Structure formats: structure tokens, C-alpha cells
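> Can you keep this structure in mind? I'll have questions shortly.
The values are calculated or read from the model by the stated rules, or taken from the named source; none is laboratory data. These numbers come from a predicted model, not from an experiment. When we count neighbours, we look across all protein chains shown, and the Cβ atoms used for this are built from the backbone with ideal geometry, even at glycine.
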Amino acid sequence: MNRFVKLVNFELSRFMKIYLVLVAMTVVVQVTGVIVKANKYMSKANTAIYEEMLSRTEFIERYGQMGFMDVTRSLWFMGPIAICTAALIFYVFMIWYRDWFGKNTFIYRLLMLPTARLNVYLSKLLSIFLMVLGLVSVQLIILPLENSVLKWLVPTDFRSDMTVSQIINGNPLSMLVPQTFTEFVLYYGAGFMALTIVFTAILFERSFKWKGIIAGIGYVAISVVIFILPVLSMFIVGRAYLYPLEILGLETAMGIIVTVMSIWVGNYLLNKKITV
Amino acid sequence: MIEVKDVKKKFGRKHVLKGVSFTANKGEITCVIGINGVGKTTILNTIMNLTPLNSGQILIDGEKINKHSYEKITFIPDAITMLPSMTIREAMQFMDDFYDSWNQERATELLGFFKLKETEKINNLSKGNRAKINLLLGLALDVDYLLMDEPFSGIDMFSREQIADVFTSHLVEDRGVIITTHEISDIEHLIDKSVLLDNGVVLKEFNTEDMRETEGKSIVDVMREVYQQ
Amino acid sequence: MNVHFNKRDPVYVQVIRHFKEQIATGVFEPGQEIPSRRELAGRLKINPNTAQRAYKEMEEAGLIYTERNLPSRITKDEKVLRAVREELIDEAVDAFVHSIRSINVSADDVLDRVKEKFETDKDTRGYGND
């Protein structure tokens, strides 16, 4: 257990530099976005009021109030999220492959640690998971901050204020920040499952090389089929014979089965089939 | 004792090990000799369960390798197994964190012996010095068995001499060592047992002093006989 | 201590021979302390097992002795010491005779030459020392 915690700590610290850059980039770009958007709106208002001689009310009637939605819809806001997402997806693969590539092959060390190899697998899994949660938390923390910046730059008359939860709900962010605990478990559970499937597919490739790529793709396909079996069966039969709550229950069960299966297969590959 | 019993291993269609058997005793230096590409490294990898074997069995003190074995046996591959971005100190810290058998006192001693500073980054070390740190990370574990893959290849003469000196010291004494090499001359006087490997099979396994005593043959003499048949 | 080992004789035998030479020439004096097997292995750059074996054989032959846990020492037994010296001389003479015999020369002739060589060798050594 102790070694597992150390491994997680180690895996996190290996990516920490890039991770912090991602966090910093998100904060800087998003806050800049708020400032840029707010300034643009205000300069438009100024032009309209002082040059076109519109009254404040006329301007607001014509162009609408500025809201945080104007920021979240922009590239300034979504760009960093997209980059962070892409980086993490890339790192899902790199967290394994970096140990094999280069002249210093760290995988030797990891596989020779006096601890169950499953811990290596689980520590990488947990690290990715924690990094996702971390980025989401950062987003949640900086949202009110960005909201305040907006309030500070745009006078009350010109803006329609939103609470943080309103901001989240009107945005793709709502996937990342579920409103209920059940949703949280379902969304992140599904993400976790997807992660185990990909990890195990990577280990297939690492164990059997070219044949392993096919095995890995096959494994992903099988996992997906098992997971969507309840929905798929209804689709095939052409009749919705299950209540939504029953589907949810079945899907949860399937998700757990697929996750456990992936970890089990991954553990088997790491112990019996892996090649440095 | 490490027992390698009829180990077979293929990569794709290529049979790398075609039934390799030999033993290596504790307190002895066993040398697996063979030209490049005859499966020397693969043998060490299979002993450490770093690659699966197709058939056969490997026992370490009578048991199959498991997670606890890594406190008892260690492997020094031909490239360093630490992150290049680490300093020597960080690498040692990593070992200390994960291995109960890590002996910091010995590591410090080795660092002095090799005249290396722990603040140096692995990435910035010369090839010879990197090999020494690689060796240090293995030797400073209080393990019964040490496997080394070509510790002398591709490094300068003085580093080679320093590394050879390790074998005559208490750092290796009483442990079981398996070393692979394609170039015997550096260590001909040091090894207790030779295992001549070619094309995935063991051609001959012999005690070097006994061979000199009873047949008056050097290791190279035996190699010449065996390989040129 | 710098010994060049040949590759065909057992290393432990060569180590013992090296000790005998040192004893015969007086480098090792009777009763002198000798290095531990670990030290010896380090100095001669040999396997500690080999050093161990050499010491064991020498101990059995009475060349060295060990009292309790003290370091081993060169024997003080005059008989053994003399035997070592004689053994080395005999060996050298044997080798000499073996090689000279093939040239087919009489013993007297050889002995004269040996004596002559001994004298000149002593002279040149004498100059060398000045």
C-alpha cells in the first residue's frame, strides 16, 4: 500500500511540470479572454454612446447585455479546455510509452519493483484520474474569479450576471461538473472505465507488438459491445422493453464488469506477457 | 542458486532460446559468454520476468520469481534504468523509497569509489559514468543475486578497470553474480564459471579453475574448441 | 603487488607460486602478516573465492598459519621455508635442464658457462646499483 502511494506520487510528479504549465495556461488565457471580451464590449458601447449618440438603454436593446456566456462561448475560454483535454488524452498513452522509449528504459525499473505489478497499473490509472479531477477543480476555482473580473470591468447596467452554477449549466462544462452525486459517479465512472480499457489495449500492444495492436483494438471493441449490450439488445429487438432506471442499473453493472475485466486482463498481461 | 531449466523463447518466428539450461550459485561469478545476438540478454530478461518464456522453468533458491524476489535478486541492464532528468541523489532516493534492501551506506561508498557527485544529472553523465551509476543502483541493494548485462561494453578503458575492480571487492563477495559478455579478456581471471552460449543453446558449462587445473585450458581455449567445431 | 597471470594455469596455483617466490626471495619474511583474502583479491584483481582457495591450500601446506582470529602470517618453520626455496630452485633447474638438453651439450660445458654468466651478471648488477 505504502509503495502504491509512493508510485502515485511519483507518477504525478513526473508530469507535474507540464501539468502546471497547462494549469497556468488555462488561467492566463481564460482571464485574458474575459478582459479582452469585456474591453471589446465596452469599447463598442463607448463608440455607440459617444459617437453614434445612442443612449445606454438603446445600446443594450440593440446589442444586448454582456454576460459570462459571451466569454465561455469564445475560443479564449474553450481553447485552453480543449488543449488540456487533448494533452491528457495524449498522456494516457504517453504515461506507458514514455517508459519504453528513449535510451533510458524506465520500464525495467518499474517491473522490477518489489511490489505487485498491478500497483504500477493502478498508480498510472489513478494519476490520470487525479489529473483530470485536478484540472476540473482548477476550472471551478477560477470561474468565480473570472466572473469577478468581468463584473469589475463591465458596469452593472451593461451586464447580466450569472452564478457559477448557471455558467456551468449552460455550457459543455456541465459534463465535467455534474450537478448531482449520481451524475458525478456515472460520468466519472464511465471515464474511469474508458481509461482502463485503453490502458489494457496499450498493454496488449506492449505485450504482442504488431499482433497486439489488433488484439488491443479487438479488446476495445469487445469492451464497448459488452458495455452497450443492454441498449444494443433493445435496438436489435426494436422494442424498448426496459425502463430507463433499469437501463441505468444494467449499464452501471456492465460498466463495473468491463472495468474489473480490464484491470484483471491488464494485470495478467503485466505479470505474464509483458516484454521490456 | 539460480536454476535455468530448458528455457525456450521465441520472438515471432525466431527461436532465440532453444532450451537453455544452466545454474548459477550464490557466492560465485557465472559468466554467460557468446557473440551478440545469441540470446544472452534474453536469458537475463527471462530470469527477471521481464519477458515471458514459451516453455521451461526458472527457479531462484527453489522458487519461481515473485514480487518479493526483487528484494533478493536484481538486474543491471546495459542502459541505465532511471529517468534521465533525475540527479544521482534523486535516483538513490527513488531506490531507497521502493526497496527495503537499499543500502545507502554502500551507495555512498560506491559514489566515492567511482568519484561521482550526487548532484549531477544522469542526463549529463558520460557513457562510462552512466554505466557506473547503473552499476551503483544495483550493487547498493543488499541482494543475494546480481545479474549484469555486458557491463563492460562501449565504455572507456579506465571505467572498465574500475568496474572490474568491483568484482574483486566485498561489493560482490558472497553474492551470486551472472554476467554476460562477448569479450572475456577484461574478466577472465575473475569468473568462477563459464556458460558458453551459441544460437540459443548452451554449448558448454564449466568451472574455469577446474578447466585450467585438469585440462590446462584457458576460457579462450575452450571457446575456440567449442565455437569452431 | 603486481602479478601477471597467465590464462592456462589455475589462478590459485599462480597465487601460491607468487607467494612462494616472495618467501624465497625474502620479500615476505617469516612470521610476517599477510593481507586478508579480501585485500589480496583486491590487490591482485582476482576473485575472492580464488584468494580463499589459495590461502586454504597454503595453510594446508604449512606455508601460512592463522592463530585464532588474527590475520594469517607467513610460517616461521625453517623446514618449510627451506623446502620452498629448494622447490623453486629445483623447478628452475628442471626447466633449464629441459631446454638445454635439446641443444645436446655436455654438463661440464654448461656449468662453466653458467658460472661465467653468474659472474658477469653480478658485475653488471653491481654497476647498475651504483
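> What are the residues in the range B:17-30 that are of a type in the set (A, V, I, L, M, F, W, C) and surrounded by fewer than 24 Cβ atoms within 10 Å (Cβ to Cβ), if any?
B:PHE22, the sole residue that qualifies.
> Another question, then. In the range A:142-161, what residues are out of contact with any helix residue (DSSP H, G or I) (no Cβ under 9 Å at 6 or more places or on another chain) and either surrounded by 14 or more Cβ atoms within 10 Å (Cβ to Cβ) or of a type outside the set (Gly, Ala, Ser) (or both)?
A:LYS151, A:THR156
> Just need a number here: residues in the range C:1-38 that are at the interface with another protein chain (Cβ under 10 Å from one of its Cβ atoms) and among the charged types (D, E, K, R).
Total satisfying the criteria: 5.
> Hey, does the range A:121-131 have a residue that's among the charged types (D, E, K, R), more than 14 Å from every other protein chain (Cβ to nearest Cβ) and in a helix (DSSP H, G or I)?
There is at least one residue in the range A:121-131 that is among the charged types (D, E, K, R), more than 14 Å from every other protein chain (Cβ to nearest Cβ) and in a helix (DSSP H, G or I).
> Would the range B:3-16 turn up any residue that is within 30 Å of C:GLN52 (Cα to Cα) and either within 13 Å of the chain's Cα centre (by Cα) or polar (S, T, N, Q) (or both)?
No, there is no match, as no residue in the range B:3-16 is within 30 Å of C:GLN52 (Cα to Cα) and either within 13 Å of the chain's Cα centre (by Cα) or polar (S, T, N, Q) (or both).
Yes/no matrix, rows are residues, columns are (1) touching a residue at least 24 places away in the same chain (Cβ under 8 Å); (2) hydroxyl-bearing (Ser, Thr, Tyr); (3) within 29 Å of A:THR115 (Cβ to Cβ):
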residue: A:TRP210; (1), (2), (3): no, no, no
residue: A:TYR219; (1), (2), (3): yes, yes, yes
residue: A:PHE235; (1), (2), (3): no, no, no
residue: A:MET261; (1), (2), (3): yes, no, yes
residue: A:VAL265; (1), (2), (3): yes, no, yes
residue: A:LEU269; (1), (2), (3): yes, no, yes
residue: A:LYS272; (1), (2), (3): no, no, yes
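> State whether the residues of the range A:75-83 include one that is farther than 22 Å from B:ASP78 by Cβ and either more than 17 Å from the chain's Cα centre (by Cα) or not assigned by TED's automatic domain parsing to the domain that holds A:LEU125 (or both).
Yes, that holds for at least one residue.
> For the range B:174-189, which positions are more than 10 Å from chain C (Cβ to nearest Cβ) and among the hydroxyl-bearing types (Ser, Thr, Tyr)?
Within the range B:174-189, B:THR180, B:THR181 qualify.
> Which one of these does C:SER72 not meet: (1) within 14 Å of chain B (Cβ to nearest Cβ); (2) more than 16 Å from the chain's Cα centre (by Cα); (3) touching a residue at least 24 places away in the same chain (Cβ under 8 Å)?
Exception for C:SER72: condition (1).
> Where in the range A:1-82 are there helices (runs of 4 or more DSSP H), lying fully within it, with 1 or more residues that are basic (Lys, Arg)?
A:2-46, A:56-63
> Checking the structure you have, find out if any residue of the range B:139-156 is surrounded by 15 or more Cβ atoms within 10 Å (Cβ to Cβ), in contact with a Gly (Cβ under 8 Å, 6 or more places away or on another chain), without any contact (Cβ under 8 Å) to a residue 60 or more places away in the chain and more than 19 Å from B:SER194 (Cβ to Cβ).
yes
> Do we find that B:LYS204 is closer than 23 Å to B:GLU3 by Cβ and crowded, with 20+ Cβ neighbours inside 10 Å in this structure?
The answer is no for B:LYS204.
> Taking B:GLU209 as the residue in question, decide whether it is part of a loop (DSSP other than H, G, I, E, B), buried (at least 16 other Cβ atoms within 10 Å of the Cβ) and at the interface with another protein chain (Cβ under 10 Å from one of its Cβ atoms).
For B:GLU209, the condition - part of a loop (DSSP other than H, G, I, E, B), buried (at least 16 other Cβ atoms within 10 Å of the Cβ) and at the interface with another protein chain (Cβ under 10 Å from one of its Cβ atoms) - is not met.
> Let me ask another. Of the numbered conditions (1) among the hydrophobic types (A, V, I, L, M, F, W, C); (2) closer than 22 Å to B:LYS217 by Cα; (3) outside the structural domain of C:ARG113 (by TED's automatic domain parsing), C:ALA95 satisfies every one except a single condition; which is it?
(3)
> Is it the case that B:ILE122 is of a type in the set (A, V, I, L, M, F, W, C), crowded, with 17+ Cβ neighbours inside 10 Å and either modelled with pLDDT under 95 or farther than 20 Å from A:LEU110 by Cβ (or both)?
Criteria met by B:ILE122.
> Tell me which of these A:THR275 doesn't satisfy, since it passes every other one: (1) within 14 Å of chain B (Cβ to nearest Cβ); (2) not in a loop (DSSP other than H, G, I, E, B).
The number of the failed condition is (2).
> Check the range B:135-150 and report whether any residue there is outside any helix (DSSP H, G or I) and aromatic (Phe, Trp, Tyr).
Yes - at least one qualifying residue is present in the range B:135-150.
> Out of A:GLU251, A:GLU205, A:GLU246, I need the residue that is part of a helix (DSSP H, G or I), within 20 Å of A:TYR121 (Cβ to Cβ) and acidic (Asp, Glu). Which one?
A:GLU205
> I've got another one for you. What's the number of the condition A:LEU229 fails, among (1) of a type in the set (A, V, I, L, M, F, W, C); (2) within 15 Å of A:LEU118 (Cα to Cα); (3) more than 14 Å from chain B (Cβ to nearest Cβ); (4) in contact (Cβ under 8 Å) with a residue 12 or more places away in the chain?
(2)
> What number of residues within the range A:89-111 are part of a helix (DSSP H, G or I), of a type in the set (A, V, I, L, M, F, W, C) and within 12 Å of chain B (Cβ to nearest Cβ)?
Residues flagged as part of a helix (DSSP H, G or I), of a type in the set (A, V, I, L, M, F, W, C) and within 12 Å of chain B (Cβ to nearest Cβ) within the range A:89-111 amount to 3.
> Further question: Working only within the range C:25-70, note down all residues that are surrounded by 16 or more Cβ atoms within 10 Å (Cβ to Cβ) and hydroxyl-bearing (Ser, Thr, Tyr).
Across the range C:25-70, the qualifying residues are C:THR50, C:TYR55, C:TYR65.
> Sticking with this one: Restricting to the range B:153-173, and then to whatever is assigned to a loop (DSSP other than H, G, I, E, B) and more than 10 Å from every other protein chain (Cβ to nearest Cβ), can you tell me which residue is nearest to the chain's Cα centre (by Cα)?
B:SER153
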